Every structure is written in structure tokens, then in C-alpha cells.
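The values are calculated or read from the model by the stated rules, or taken from the named source; none is laboratory data. Note that the structure is a prediction, hence the values are computed from the model and not measured. As a convention, Cβ positions derive from the backbone with ideal geometry for all residues, glycine included, and neighbour counts pool all protein chains shown.
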Amino acid sequence: MSAIRLLVLGAVRQHGRAHGYQVRNDLEYWGAHEWSNAKPGSIYHALKQMAKQGLLHAHEIAPSTAGGPPRTEYEITDTGTAEFLALLRASLRAYDQKMDVRSAGIGFMVDLPREEALSLLKERIGKIEEWRAAVTGHYVPEDGPEQLGHIGEIMNLWVHSADADAAWTRGLISRVEAGAYTFAGEGAPFVGVLAEGEENPYATGERHAEDTR
């Protein structure tokens, strides 16, 4: 699945309406440029593509004060919301080795009801266990990686990663079951986006004073 679609749809949804610079700023604020393909070009491309696909509605507003073309603000559509929730559920349910998919799902898990998020995370534990069993059908961790030559180190890495992931996921489940975080329908959500004009302490590179895309 595409982490960039989930990230961009989620960022727009949290704002209500957002222009490309705000989405980029939010994803950098979350550190997504470090653990995903959420680079400026990918973000703007995703916004335009999803607008063409009917997942976002593009609003043209007044031209920038610098005299550039009209700025485009994006608003998620009903179809886009359905796509966002489908991607979110898939990211929490699946055992995916890709850090971007895993991280994006955790970042938006509170957009679901608590019990649904818990159910999906528990399903994920089952997927990890199934995957681990498939690997250990060919490789016995207790016998050490040497049994398969240096290639055994690859399976050793996989098994250790799966075990660590399962342990972390069980810890998250325990925290959520104990009442951690505010999930959908439980009250005011955590504000994870920057307000208009708020400085981003994690911004990277040179920026124009005003983004016109």
C-alpha cells in the first residue's frame, strides 16, 4: 500500500482544508520526510493526483501577495475519507516490514474508535505470528543462523525483527487498553498539525516565504 496517500489524506483531513505547503509542513513536523517518501515533489504530486481521482476537492483561492498564481487549497471528499479509513485499517492490520506504512498507521490510529483500533492491532499480532511460523518452517532460531551459512543471518534478522515488532505491538495494545490517548468519539482529539503561520521547528531546506501551489 502507499504510505504517501495515507499521510497526505490524513493531513488534509485534520485541517479540513489545506494547501500544499501546510501538508508538507505537517509531514515534516511529524518527521515523515525521514521515515517515508514524503518529500516535497511526492506530496504535491499526490495532492494533484488524488484531486483528479476525486479523493480531494481542489479550491482555487486568491492569488498570492507575491503576485503568483492562485493558491490551491484541498479538502477531502467523502470518497477520500473512505479511502483514508480503508488505508488506515489496512496499515494497522497487516504485518508490513515497511517502516513508512507502519508509522503512518500508528500516526492516525486515533482517528478510529478505540475498540476498532485494538481489534486491528490484535489482528496484526496474528499476522506477525503467521509470518514468523512460515519463516521458522525453514529456519530454527535456536540452532543459530550458521545452519544456513551466512544467508541464515537474513532469516535471523527477520525473526528478531518480527519478535521485536510483536513485543512492541503488544505493549501498544496494553497502553491503549489501559486508556492511553484520545480516540474517535471520546472527546477533543490531540492536535497534531501546525496552525496557519506557526513556525515548524523541524522544517528542512530553503523555503519561499509563501508557497503558491
Whichever residue in segment 15-55 is surrounded by fewer than 24 Cβ atoms within 10 Å (Cβ to Cβ) and in a loop (DSSP other than H, G, I, E, B) and, among such residues, is modelled with the lowest pLDDT: Asn37
Looking only at segment 141-171, filter to residues that are farther than 23 Å from Ser103 by Cβ and small (Gly, Ala, Ser); which one of those is modelled with the highest pLDDT? Gly152
Regarding Glu129, is this residue at pLDDT 95 or above and either outside the structural domain of Ala32 (by TED's automatic domain parsing) or of a type in the set (Phe, Trp, Tyr) (or both)? no
Kindly provide the set of residues from segment 74-98 that are hydrophobic (A, V, I, L, M, F, W, C), surrounded by fewer than 16 Cβ atoms within 10 Å (Cβ to Cβ) and closer than 28 Å to Val135 by Cβ, ordered by number. Ala90
Residues located in segment 88-132, provided they are outside any helix (DSSP H, G or I) and of a type in the set (D, E, K, R): Asp96, Lys98
So, Arg124, is that one over 15 Å from the mean Cα position of the chain (by Cα), buried (at least 18 other Cβ atoms within 10 Å of the Cβ) and among the charged types (D, E, K, R) or not? yes
Scanning segment 137-177 residue by residue, those within 16 Å of Met109 (Cα to Cα) and outside any helix (DSSP H, G or I) turn out to be none
Those residues of segment 68-95 which are without any contact (Cβ under 8 Å) to a residue 40 or more places away in the chain and either at positive phi or of a type in the set (Asp, Glu) (or both) amount to Asp78
For segment 94-103, check the following and say yes or no: at least one residue is in contact with a Gly (Cβ under 7 Å, 6 or more places away or on another chain) and outside the structural domain of Arg5 (by TED's automatic domain parsing). no
